[in-house]
Every structure is written in C-alpha cells, then in structure tokens.
Amino acid sequence: MFLNLQQIGKINYYQKKNGLEIDFILNNSFAFEVKKTGDLININKLNKLSNQVGIDEYYLVSGNFIDNEKAIPATLI
C-alpha cells in the first residue's frame, strides 16, 4: 500500500506517546489504518485520532469485509 500511495503524494506516519497510531497520512489530508482483521472499533479509533490531528478523511483498510463507508477491503488495493 505504501508504494501505491507514494505515487500519489507525500506519505507520513503518526504515533502518539500512548501508542495510538495512523499508519499512513497522504498529503496531510487522508488517514489510512491497515489491519488484517479490522472492525468498527478500529474505525471509531481512527475517526477520533484523525480528528485530533486535523484530518477529516479517514479509511480503514482491512483484509475482512466491513459494511461501512469508511472501510476499504484490502483485496481492492
């Protein structure tokens, strides 16, 4: 995923001291968290952390299907 995003723009990583993280931040505008098995709890955590750093667009990339507009199946990438 990193190589695909890198072709689009600038990639950053964010981690708080308590360990919460965002795997990829694209052009300081889009946050992506990647999980082998994601769930709605991961989406809610990403929402909260993204808002704290001023990012409105966020997505969970997951190996399993999640019926949520903020979830992207990893098979599509």
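The values are calculated or read from the model by the stated rules, or taken from the named source; none is laboratory data. Just so it is clear, the structure is predicted and the values come from calculations on it, not from any experiment. Heads up, the Cβs are rebuilt from the backbone with ideal geometry, glycines too, and the neighbour counts pull from every protein chain shown.
Collect the residues in the range 54-70 that are farther than 19 Å from ASN12 by Cβ and exposed (fewer than 12 other Cβ atoms within 10 Å of the Cβ), keeping them in residue-number order.
PHE65, ASP67, GLU69
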Which residues, counting only those in the range 25-37, are under 13 Å from the mean Cα position of the chain (by Cα) and either at negative phi or hydroxyl-bearing (Ser, Thr, Tyr) (or both)? ILE25, LEU26, SER29, PHE30, ALA31, PHE32, GLU33, VAL34, LYS35, LYS36
SER29 passes all but one of (1) more than 19 Å from LEU5 (Cβ to Cβ); (2) polar (S, T, N, Q); (3) modelled with pLDDT of 95 or more; which number fails? (1)
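Among what's in the range 1-53 and is among the β-branched types (Val, Ile, Thr) and in a helix (DSSP H, G or I), pick the residue that is surrounded by the fewest Cβ atoms within 10 Å (Cβ to Cβ).
Here is the first cut: in the range 1-53, the residues among the β-branched types (Val, Ile, Thr) are 8, 11, 22, 25, 34, 37, 41, 43, 53.
Checking the rest, the ones that are also in a helix (DSSP H, G or I) come to 41, 43.
On the way: ILE41: 8, ILE43: 21.
Step by step, filter the range 1-53, then rank; the result is ILE41.
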So if I check each of LEU5, LEU20, LEU40, LEU60, which one is more than 11 Å from the chain's Cα centre (by Cα) and modelled with pLDDT of 95 or more? LEU40
